[in-house]
1. Please list the non-local residues whose amide H lies under 5 Å from the amide H of Ile76, H modeled 1.01 Å from N, same-chain partners needing a gap of 5 or more.
2. Give the order of Met54, Met4 when sorted by the count of other beta carbons within 10 angstrom, beginning with the fewest.
3. Using θ = phi - 60° and the Karplus relation 6.51 cos²θ - 1.76 cosθ + 1.60, list the HN-Hα couplings for segment 136-141 in order, rounded to whole Hz, with x at every Gly or Pro.
4. Below 8 Å, C-alpha to C-alpha, sequence gap of six or more: please give me the relative contact order for the chain in percent.
5. Could you estimate the translational diffusion coefficient of the chain from the Stokes-Einstein equation, with Rh from the Kirkwood formula over C-alpha pairs, at 4 °C and 1.567 mPa s, in whole µm²/s?
6. Set the bar at 31 Å for Cα to Cα. Now go through Lys174/Lys268; Lys116/Lys189; Lys111/Lys161; Lys24/Lys116 and name every pair that lies beyond it.
7. Measure nothing but the geometry: give the 0 to 90° angle between the long axis through the Cα atoms of 149-166 and the longest principal axis through the Cα atoms of the chain, rounded to 10°.
8. For the chain, find the longest principal axis of its Cα atoms and tell me its angle to the long axis of helix 292-320, 0 to 90°, nearest 10.
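Since every read-out is calculated from the coordinates, none of them should be taken as a lab result. Just so it is clear, the model here is predicted, and its values are computed rather than measured. Backbone-built Cβ (ideal geometry, glycine too); neighbour counts: all protein chains shown.
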Amino acid sequence: MKTMLSGIQPTGDLHLGNYLGAIKNWVRLLDEYYGYFFIVDYHAITIPYDVASMQPRILDAAVEYLASGLDPSKCIIYVQSHVPAHTELTWILNSVTPIMELERMTQYKDKAEQHKENINAGLFTYPTLMAADILLYHPDAVPVGEDQVQHLELTRVLARKFNARYGEYFKEPKTLMSEAKRILGLDGKRKMSKSLNNHIPLKATAEQTEKLLLGAVTDPDRKRRSDPGNPDVCNIYSLHKLFTPAAEYEECAKQCRCAGIGCVDCKKILAKHMNAALTPVRERITAYAAKKDFVIDVLRDGAKKANEVANKTLREVKSLMGLIADWQ
Ligand code: AQP
């Protein structure tokens, strides 16, 4: 069976962008691909974080993976730092990573701007760690949102550079993008992000979701209820397309253009459909959160299996590089 790999950082509550742009797609692909899904804690430490929150966040992410439909019989779920080979391969790949390539990375530039007081080397070499995360498992495909496409291109560059230097070994994985490849945040401008506080948490209640939607930015030119709006520039409308039946969102668009309905009405319709779609996931989040031992077992089992695959790769890589002696 073909394999795929992906992960999410435990930098905060998983949100609709992570769910629609990543996890929902992973679940859909499980019929075709065996999955490696990890919780990306080593990446999460490249920005300032609250130490006491890290473990609860890791467990929350595992709960949310399971509740979203990741079936442990079709994939393995593990924590990145439980597999030491990730950091060991990163060092090796660092030696074939051109600094200039890292300097081009959009996410690095954005994060450096966002965290001016903490521009650390980990933030800079993040894409090399990501390449190691991926290449260790030889996946056929990596399903991600649009923001990760550049990093994936670099992964392929590093695979080629390693192969050119040490012999054909790493496979170049293809990028699989979901339909919802870039969900905008509630500010209607930037991508929905945990750290930008413009997100709807996956585990938000129906009331919290409606409240967050009511505060979302819509067409900036529609200032009064009586102004006609333009759904084509409205983020609420783009979300409608993901949750509301077509006939109903087309009617919303029509009524918006002639000021037949106001933004509040339109948002309430969206909230109703969004909540209907997410209620089963939220119920499963509550159920898995009450089964902590089960979740920990899933992560332990995942780490065991991941370590087996990753250590085999690492040994083969070191052998190709002349780093293993016959007495080892
Ligand atoms: N807004 C989004 N739209 C579509 N896909 C998204 N993803 C994230 N945000 C969106 C996809 O989710 C996966 C995991 O992302 P991540 O949490 O590891 O890193 P991120 O992209 O940096 O997510 P955030 O929320 O923006 O985290 P912070 O704020 O901590 O940096 C990836 O496949 C990503 O494409």
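1. Gly35, Tyr36, Phe37
2. Met54, Met4
3. 4, 10, 6, x, 6, 8
4. Details: 472 pairs, mean separation 75.9, N = 328.
After rounding, I find 23 percent.
5. Values: Rh = 21.2 Å.
Result for D is 61 µm²/s.
6. Lys174/Lys268; Lys24/Lys116
7. The two axes meet at around 10 degrees.
8. 50 degrees
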